[in-house]
Amino acid sequence: MTFVSSDLLRARFSAAMSAMYREEVPLYATLLDIVADVNAKTDADLASRDGARLSAERHGAIRVGTAEELSQMRRFFAVMGMDPVGYYDLSPAGVPVHSTAFRPVTNEALAANPFRMFCSLLRLELIDDAGLRDRAAEALSKRQICSDRLLDLIAKTESDGGLGDDDGTAFLAEGLAVFRWHSEAQVSSADYRAMKAQHGLVADIVCFKGPHINHLTPRTLDIDAVQGEMIARGIDAKDRIEGPPRRKCPILLRQTSFKALSEAVTFKDGSEGAHTARFGEIEQRGAALTPKGRDLYDTCLNRALAADGDYEQALAASFADFPDDWDMLRSEGLAYFREDESGVVPIVWEDFLPVSAAGIFQSNLGDDARDNAMQGGTQAAFEAALGCPVRDMFELYAAQAEGVALTA
Ligand code: OOG
Ligand code: NI
């Protein structure tokens, strides 16, 4: 029996998600056009190295409601060679979820297709109204996000070690359906309003049949150019690019998005309404930073966030301390590098940034961004729900840098 490789399944899944989202959110198609134009014109340092993977590259994001759903997602993404990497607690920013990212981890798998999925778990315990919390838990307990057929195919992969051609095709079709948008809400309009009043994310996660994909994000080589073009075309773009400032040597991740669209919804009582959750995002990826580099990044970013006045200026000023030269980044141990045919190259950051993620969440909730203190989440609680530990991103980058063979 020959199995379809997990790399191929992941590449096909990523392409299928993109095609589906293009139909569901037409502005995403516009965004892809802008990104393709800008990338074609950009002769950035990273371009030549990542050219092959660039046009197929994207990440997505989903939000699930229960431990069972999260562990099903872990098993689902494992079929496509995607492991949970990192733990993100969004509660300091007033977002009642904690998260991980499912992604490939080896140099080879990343080169084949780097598709990642940011996956958040609702922290139901943060709903303070006990009646509402019970109604939310009940709505979630009634739904099954994966079809029986999909669960069978996941179990088959786990026992046999892979899927044949036909099963692989069925797996992708059933998998795609999990993330499709459903306009029929599973709750009454009164419950929807109550959940939305609690937090926009509660309504988005609890009220629908499944964890609809909430954005897909192509990678650009020049995010300032894409942002400028979005504004020129009158697209309702987020006003600030998250992450580090523009630099000669890009580091980590810069992100911006266009605001979520309003989509028609029918409630269980037959009434009609609208839901605002799904948007488009663009990212520019740079070099992965070591723990030392990451500390320096956090220091610079926090200084800019705390400053008064113009944010862009404060950001540029505070990052003046961050070396913007590949040799210095390397000699000071701030970024990860590896050797390939073209010499020593920076390793691409494959992960996410909690402050940026919070900014993306907040700009797309369709209600006022909140900043309420919330009880922090714990990695242990998240991992208990997930059913395994998350992988440490710094260990993965160090292994990539050393050319150590990693086991998926
Ligand atoms: C996820 C937001 C985080 C990113 O790129 O930082 C994210 C969400 O809105 O569900 O995707
Ligand atoms: Ni994103």
### Query
Within the stretch 72-88, is even one residue within 13 Å of ligand 1 (Cβ to nearest atom) and of a type in the set (Gly, Ala, Ser)?
yes
### Task
Kindly check whether there is at least one residue in the stretch 218-226 that is surrounded by 18 or more Cβ atoms within 10 Å (Cβ to Cβ), modelled with pLDDT under 95, under 27 Å from Leu124 (Cβ atoms) and in contact with a strand residue (DSSP E or B) (Cβ under 7 Å, 6 or more places away or on another chain).
no
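Based on this model, can you work out whether Glu125 counts as away from ligand 2 (no atom under 15 Å from the Cβ), buried (at least 22 other Cβ atoms within 10 Å of the Cβ) and farther than 30 Å from Glu341 by Cα? Give the steps one after another, and end with the answer.
Numbers: away from ligand 2 (no atom under 15 Å from the Cβ): yes; buried (at least 22 other Cβ atoms within 10 Å of the Cβ): no; farther than 30 Å from Glu341 by Cα: yes.
Here the answer is no, as Glu125 does not meet what is asked.
Using the structure shown, decide if Leu176 is within 18 Å of the chain's Cα centre (by Cα), more than 16 Å from ligand 2 (Cβ to nearest atom) and at pLDDT 95 or above. I'd like the intermediate steps shown before the answer.
Values: within 18 Å of the chain's Cα centre (by Cα): yes; more than 16 Å from ligand 2 (Cβ to nearest atom): yes; at pLDDT 95 or above: yes.
So Leu176 fits the description; yes.
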### Query
Would a scan of the stretch 332-351 turn up a residue that is in contact (Cβ under 8 Å) with a residue 60 or more places away in the chain, closer than 30 Å to Ser363 by Cα, of a type outside the set (A, V, I, L, M, F, W, C) and buried (at least 17 other Cβ atoms within 10 Å of the Cβ)?
yes
### Message
Given the condition of a type in the set (A, V, I, L, M, F, W, C), within 16 Å of ligand 2 (Cβ to nearest atom) and in a strand (DSSP E or B), answer yes or no: does some residue in the stretch 260-270 qualify?
### Response
no
### Query
Scanning for something surrounded by 24 or more Cβ atoms within 10 Å (Cβ to Cβ), away from ligand 1 (no atom under 16 Å from the Cβ) and not charged (D, E, K, R), does the stretch 92-112 turn up at least one residue?
yes
### Query
Just to be sure, is Asp295 of a type in the set (Asp, Glu), at pLDDT 95 or above and not in a strand (DSSP E or B)?
yes
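Can you list the helices (runs of 4 or more DSSP H) found entirely within the stretch 337-408 that contain at least 1 residues being under 25 Å from Arg123 (Cβ atoms), modelled with pLDDT of 95 or more and out of contact with any helix residue (DSSP H, G or I) (no Cβ under 8 Å at 6 or more places or on another chain)?
Values: elements: 354-363, 379-386, 393-402.
Of the helices (runs of 4 or more DSSP H) lying wholly inside the stretch 337-408, those with at least 1 residues that are under 25 Å from Arg123 (Cβ atoms), modelled with pLDDT of 95 or more and out of contact with any helix residue (DSSP H, G or I) (no Cβ under 8 Å at 6 or more places or on another chain) span 379-386, 393-402.
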### Message
I'm trying to understand the selection: among the residues of the stretch 75-112, which are assigned to a loop (DSSP other than H, G, I, E, B) and under 20 Å from Arg123 (Cβ atoms)?
### Response
Leu90, Gly94, Val95, Pro96
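Determine which member of the set Glu158, Glu108, Glu57, Glu69 is over 23 Å from the mean Cα position of the chain (by Cα) and of a type in the set (Asp, Glu).
On the way: Glu108 fails: over 23 Å from the mean Cα position of the chain (by Cα); Glu57 fails: over 23 Å from the mean Cα position of the chain (by Cα); Glu69 fails: over 23 Å from the mean Cα position of the chain (by Cα).
Going through Glu158, Glu108, Glu57, Glu69 in turn, the sole match is Glu158.
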### Task
Look at the stretch 237-280 and say how many of its residues are aliphatic (A, V, I, L, M), closer than 30 Å to Arg294 by Cβ and without any contact (Cβ under 8 Å) to a residue 60 or more places away in the chain.
2
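The values are calculated or read from the model by the stated rules, or taken from the named source; none is laboratory data. What you are looking at is a predicted structure, and each value in this text was computed from that prediction instead of being measured. Don't worry about glycine lacking a Cβ; one is built from the backbone with ideal geometry, like all the others, and counts go over all protein chains shown.
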